[in-house]
1. Stretched out fully, how many nm does the piece from residue 56 to residue 74 gain, at 0.36 nm a residue minus the Cα gap?
2. Long-range amide H contacts for residue 13: which residues qualify at under 5 Å (H placed 1.01 Å from N, peptide plane, sequence gap of 5 or more or a different chain)?
3. Need one number: nm distance between label points at residue 4 and residue 47, each 7 Å from Cα along Cα→Cβ, rounded to one decimal.
4. Would you kindly state how much longer the chain becomes between residue 66 and residue 35 on full extension, computed as 0.36 nm times their sequence separation minus their alpha carbon distance, in nm to one decimal?
Amino acid sequence: MNHCTTVVGLDVHKETIVAAVLPPGMDRVTKTFSIENEPKAVERMVQSVAAKGAVEFVYEAGPCGYQTHRQIAQLGHKCALIASGIILLGGGGDLRPEQWAISF
């Protein structure tokens, strides 16, 4: 990722996907929205965000995300897996689940 790329974080659930958009140069998410977890809605969302410039997607590891990852990749965009269970603190300690927060 570079400083000219929009990053879209996806929280994928069985029936819905919540997206958080982080535009280039910003340090906070500027837009969040929810879509149905179905192929046509995912395609529309990807096309809508990608129409504004370079974009990369990230999603948290889980049972519902792989299909979304595969679809986004087939549409020609990067989609990275974020494994929150292995995020490390600056001091080297593991980040416990009760400390997790959406902050991208």
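1. Values: separation 18, 0.36 × 18 = 6.48 nm, distance 1.32 nm.
Here the segment from residue 56 to residue 74 would lengthen by 5.2 nm.
2. Close amide H contacts, sequence-distant or interchain: 18.
3. According to this spin-label approximation, the distance is 2.5 nm.
4. On the way: separation 31, 0.36 × 31 = 11.16 nm, distance 1.66 nm.
Gain in length upon complete extension: 9.5 nm.
Taken together, the values in this text are just the output of simple stated rules run on the coordinates, not laboratory data. Please read these numbers as outputs of a predicted model, since none were measured by experiment. We place every Cβ from the backbone using ideal geometry, glycine too, and count neighbours over all the protein chains shown.
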